[in-house]
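S.K.: Structure incoming, see below.
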Amino acid sequence: MQNISKFYFIIIPFLLFHTGIYASDISVQLSNSNKGFSLYRSGKKLVEVENIQFDFRNADSVKVISKTEQQIELLTYYPWISPRGTEETVQKQDTLWMNIDTNFIHVFAAPKWAREVQIVLKDLGGNYYGLQETLYPDNKKSPNLRHTTMDVEIQPESYRYHENCASVHSAFFFNSLGYASFFDSFSSGQYRLAQEGKTVLTHNTGKLNWYIFTGNYKTIYNDYYSIIGTPKYVPDWFCGPVIWRDENTGSKQILDDAKRFTELHIPITAMFVDRPYSDGANGWSKMDFSAHYSHPEKWISELNNKYGVELMTWVASATFGDTDFPGLLAGKMCYFDLTNKDAVAEFHRRLESNQYEYGVKGHKLDRADETFPLPEDWADKTDDYSKRNKYPYLYARVTDSLLNQAWGRDNANFARAAYQRSQPYLTAVWGGDVRANWDGLASNISNAMRCSFMGFPDWGTDVGGYLGEGYISPELYTRWLQFGLWTGFYEIKLDGSGGRGRERTPWQYDEAFQKRYAQILTERMKLIPYIYSMLNNSAETGPLMKPMAMVYPEDKRFTNTWDQYIFGEAFLVAPLYSAQNSRKVILPEGNWYDFYSHKKYTGGQTIEVTKSMEEFPVFMKAGSIHAEGQIIAGNSKNWQKTKNYVDLYVVAGGSCSFDLLDPASNTKTHIRVIKSGDKNYEVHIPANALIQNLYVISSDKLSRVTKNGEKNKFELAGTASYCIKNVSGSSLVLTFE
């Protein structure tokens, strides 16, 4: 019996030459046997596929059946051995498609007889990044995975490298040659990268669903998100400092923490309560607030109204042995079957009546990466090879749905375990149970880089560490607070693992440290307009924390760099992760300005930077725009009455643009800078009630400013900095000497 297979090329627009297919500046060239193909962009070969195997067997032959303006049809013949023990080999013919878009291709096949798919690529010399957050292999911090073998499956908790439970995985890798590979499946797999001249991608499924994205990082991630969905909205209050304890004693302690932070003028915008806070098994299974948290309508309202702070809670998709819940899977954890409608409905009922009704606006999603029974049937008949990867995705999707029903888009959920396609349903991921020491901080920086390569836009660290005692040295705490400032999700842990040991609340330290703590978190509050805008435009601009090899893939100096990154599009951040106050920083080409001193550095060199505890190695890119100001006050409304505002910062050096997003009006303001000649810049700022002043940073002297065609005043605002006031709705021309 034979099933006819067809290999389609869909081209928009198309140019057809011989057996090569061209779309925009992409071209696909079939091999002489038609069993493989090469992908080119602008004449450069990016990918060479030697063959595609099913059940580890090459095709016997591949024939071109027909060609039209929009597709090529191929007939493929694969050998297949009967699984019934006869060892009889028959020939199978099944349909394959290849769709070619402007910047990416999609290869698809679904033979019913196949159980494994294997893609064999010739190693063309590029470096590989992504696939998993865990520092595999051997706890190495370099994100470069060349010459490694990677398992594409979320593992149980006992399978952990540094950092423990850093559990973000994906069948997505970024290659320095200018492409990314995405196998769109929850099925487990194994990738052998650049070994013996080949890269081999294997998945435990007979369905081939493979994308190759090409271009720079913006193009790649924009196309990736067009396939999996736009990343989830991030509310402004989730962009500010978030504090929590591993074990609270009750609502009184939560309110006391909010009060003490407010008395010290340390700004926060949200808190979350970890388990145990509920009745039932493991302090959770009833999903309510226990007696220690009685009258949640009162204390949550006080958090919201008196302190301007939102509340989130820890949740798990398991009842820990409590069987009073429908749709449970077998095993001691009693996981919910998240494909069982009764289980999801009960989860919703309990959270709605016990939490959302009182003002809970978000959740920490825990425990989805622990052991659950693979052989147990799910309602949707998910196969065993897909369960570990699919479950965290379902967890994100279900909780997102429940929160959206209660709060619309004004909600947040964050997880330690995540897999591809979770991004539209998950606000952020955090870097697992990090060790509370210098190497834990360093390792978590590397975890962040790997997550960004996988296309997770918003990442955070347990500031101060999770594992170990609470109290840490002021030096380690300061550097961790500073690193957290320059991450997407800024969550700060106030106690030790399980609440043990001396806590690390700021009042456990001296007055000088408390002031430094307040200064760092105040700086974060000022950056929220930029962070909010970048996170909620990540479908266009990519992940917030961009690894150097992502932005500068052709610069060999960044091949193994894990300890510095581009933040948004305007900043280079180089964290300090040892007791030393100095480090080397590799500067890309172009000019860079120190964020604090405005000292100018010429790019293309490695510099030694020393920073006191009051500063951090951060540099602004010449030819960039960022925003600072206030779009949310949090608890700072209790000591300062500043109205919401935004100031714009233009670092002279080239043409650039920035989209400012306003959460109150849900509007986007597109600001443009156009360099005209060596000394002139046009700055176009549409009308926006939030925008007040423009700060221009340049080592050149500003000599003249015109606003809307008329000469305008400006003033010196510090070293290499100038201020132009009231610029909303203005077209400015800046002239430098």
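S.K.: Please compute, for the alpha-carbon atoms of the chain, the extent along each of the three principal axes and give them in descending order in Å.
M.R.: 80, 70, 45
S.K.: Nothing charged except the Cβ atoms of Lys and Arg (+1) and of Asp and Glu (-1): what's the magnitude of the dipole of segment 238-543 about its Cα centre? Round to the nearest 20 debye.
M.R.: Numbers: 34 positive and 41 negative charges, 112 e Å.
With only Lys, Arg, Asp and Glu charged at Cβ, the dipole is about 540 debye.
S.K.: Summarise the accessible area of segment 26-228 (1.4 Å probe, protein heavy atoms) by the percent that is carbon and sulfur.
M.R.: Values: 3120 of 7470 Å².
With neighbouring chains kept in place, the figure for segment 26-228 is 42 percent.
S.K.: Among DSSP bridges having both ends in the chain, what percentage is antiparallel? Round to the nearest 5. Provide the component values of the computation, followed by the final result.
M.R.: Values: 136 of 178 bridges.
Among the beta bridges of the chain, antiparallel pairing accounts for roughly 75 percent.
S.K.: Could you give the spread of the C-alpha atoms of segment 238-543 along their three principal axes, from largest to smallest, in whole angstroms?
M.R.: Answer, in whole Å and largest first: 58, 44, 35 Å.
S.K.: Can you tell me the FRET efficiency between ARG409 and LYS112 if r is taken as the Cβ-Cβ distance and R0 is 41 Å, rounded to the nearest 0.05? Spell out each step's value before the answer.
M.R.: On the way: r = 41 Å, r/R0 = 0.99.
Efficiency, from the Cβ-Cβ distance: 0.50.
S.K.: Here's a follow-up. Report, in listed order, any pair from LYS361/LYS637; LYS679/LYS711; LYS599/LYS725; LYS198/LYS546; LYS546/LYS713 with a Cα-Cα distance greater than 26 Å.
M.R.: Numbers: LYS361/LYS637 20 Å; LYS679/LYS711 17 Å; LYS599/LYS725 24 Å; LYS198/LYS546 28 Å; LYS546/LYS713 37 Å.
The answer is LYS198/LYS546; LYS546/LYS713.
S.K.: Taking only C-alpha pairs under 8 Å that are 6+ residues apart, what is the relative contact order of segment 623-737 in percent? Please list the in-between numbers first.
M.R.: Details: 257 pairs, mean separation 28.1, N = 115.
Relative CO of segment 623-737 lands at 24 percent.
S.K.: For segment 238-543, what is the accessible area per residue in Å², given a 1.4 Å probe and the full set of protein chains?
M.R.: Details: 8840 Å² over 306 residues.
Solvent-accessible surface per residue comes out at 29 Å².
S.K.: Given labels modelled 7 Å from the Cα in the Cβ direction, how far is it in nm from GLU589 to ALA330?
M.R.: Those two pseudo-labels are separated by 6.2 nm.
S.K.: Turning to a different aspect of this structure: Treat segment 624-736 as a sphere of radius equal to its Kirkwood radius over Cα pairs and apply Stokes-Einstein at 25 °C in a medium of 0.890 mPa s; give the translational diffusion coefficient in µm²/s, rounded to a whole number. Let's see the in-between values first.
M.R.: On the way: Rh = 14.6 Å.
Once the numbers are plugged in, D ends up at 168 µm²/s.
S.K.: Under a 1.4 angstrom probe, counting protein chains only, how are MET98, MET613 ranked by accessible area, largest first?
M.R.: MET613, MET98
S.K.: Taking all protein chains together and a probe of 1.4 Å, list TYR471, TYR385 from the most accessible to the least accessible.
M.R.: Numbers: TYR471 80, TYR385 120 Å².
Ranked list, largest accessible area first: TYR385, TYR471.
S.K.: Given a 1.4 angstrom probe, what's the average accessible area per residue across segment 546-621, in square angstrom?
M.R.: Result: 39 Å² of accessible area for each residue.
S.K.: Another question, if that's okay. So what's the Cα pair-distance distribution over segment 310-423, bin width 5 Å, in %?
M.R.: Binned Cα distances yield the sequence 2, 12, 23, 26, 21, 11, 5, 1, 0.
S.K.: Further question on the same structure: Which order do peptides 214-222, 175-183, 480-488 fall in by mean Cβ count within 10 Å, highest first?
M.R.: Highest mean packing first, the order is 480-488, 175-183, 214-222.
S.K.: Would you mind working out the accessible area per residue for segment 26-228, using a 1.4 Å probe, and quoting it in Å²?
M.R.: Spelled out: the 1.4 Å probe surface of segment 26-228, per residue, equals 37 Å².
S.K.: Tell me, what % of the accessible area of segment 238-543 is carbon and sulfur with a 1.4 angstrom probe?
M.R.: On the way: 4180 of 8840 Å².
Of the solvent-accessible surface of segment 238-543, carbon and sulfur hold 47 percent.
S.K.: So what's the projected area for segment 26-228, the Cα convex hull averaged over all directions, in nm²?
M.R.: 12.9
S.K.: Can you check how the C-alpha radius of gyration of segment 256-307 compares to 2.2 N^0.38 Å, as a plain ratio?
M.R.: Working: Rg = 12.9 Å, N = 52, 2.2 N^0.38 = 9.9 Å.
Rg over 2.2 N^0.38 Å, computed on Cα atoms: 1.31.
S.K.: So, one more: What number results when the radius of gyration of segment 413-455, computed over Cα atoms, is divided by 2.2 N^0.38 Å?
M.R.: Values: Rg = 11.3 Å, N = 43, 2.2 N^0.38 = 9.2 Å.
Against the compact-globule rule of thumb, the ratio is 1.22.
S.K.: Can you tell me which of 426-435, 728-737 comes out highest on packing, and rank the rest after it, using the mean Cβ neighbours within 10 Å? The partial results should precede the final answer.
M.R.: On the way: 426-435: 26.4, 728-737: 16.5.
Highest to lowest by the protection proxy: 426-435, 728-737.
S.K.: Under 5 Å between amide H atoms, partner at least 5 residues away or on a different chain: which partners does VAL47 have, H built in plane at 1.01 Å?
M.R.: Here LEU39 satisfy the definition.
S.K.: Could you please state how large a percent of the accessible area of segment 546-621 is carbon and sulfur, counting protein chains only and using a 1.4 Å probe?
M.R.: Details: 1370 of 2930 Å².
With neighbouring chains kept in place, the figure for segment 546-621 is 47 percent.
S.K.: Averaging sequence separations of C-alpha pairs under 8 Å and six or more residues apart, then dividing by the length of segment 551-626, give the relative contact order as a whole percent.
M.R.: 31
S.K.: Which whole-number percent is the relative contact order of the chain (Cα, under 8 Å, 6+ apart)? The partial results should precede the final answer.
M.R.: Details: 1873 pairs, mean separation 74.7, N = 737.
It comes to 10 percent, rounded to a whole number.
S.K.: Same structure again: Using a simple spin-label model with points 7 Å from Cα along the Cα→Cβ vector, what separation in nm is obtained for ASN216 and SER731?
M.R.: The two pseudo-label positions are separated by 2.6 nm.
S.K.: Report the convex hull volume per residue for segment 546-621, counting only C-alpha atoms, in Å³. Before the final figure, lay out the partial values.
M.R.: Details: hull volume 6.4 nm³, N = 76.
Once divided by residue count, the hull of segment 546-621 is 84 Å³.
S.K.: Could you sort 126-134, 500-508 so that the peptide with the highest average Cβ count within 10 Å comes first and the rest follow in order? Mind showing how you got there, number by number?
M.R.: Working: 126-134: 25.6, 500-508: 17.2.
Packing order, densest peptide first, comes out as 126-134, 500-508.
S.K.: Roughly speaking, what is the stretch gain from THR249 to LYS701, that is 0.36 nm per residue apart minus the C-alpha to C-alpha distance, in nm to one decimal?
M.R.: Computed gain between THR249 and LYS701 is 156.9 nm.
S.K.: Moving on to the next point. Suppose only helical runs count, i.e. DSSP H with n ≥ 4. What mean residue ellipticity at 222 nm does that imply for the chain under -39500 (n - 2.57) per run, divided by all residues and rounded to the nearest 500 deg cm²/dmol? It would help to have the intermediate numbers written out before the result.
M.R.: Working: 10 runs with 133 residues, N = 737.
So the calculated ellipticity at 222 nm is -6000 deg cm²/dmol.
The values are calculated or read from the model by the stated rules, or taken from the named source; none is laboratory data. Keep in mind the model is a prediction, meaning the values are calculated, not measured. No Cβ is skipped: glycine too gets one built from the backbone with ideal geometry, and neighbour counts run over all protein chains shown. To get the accessible areas, we keep the full protein, side chains included, count just its heavy atoms, and leave off ligands, DNA and RNA. Shrake-Rupley method; radii C 1.70, N 1.55, O 1.52, S 1.80 Å.
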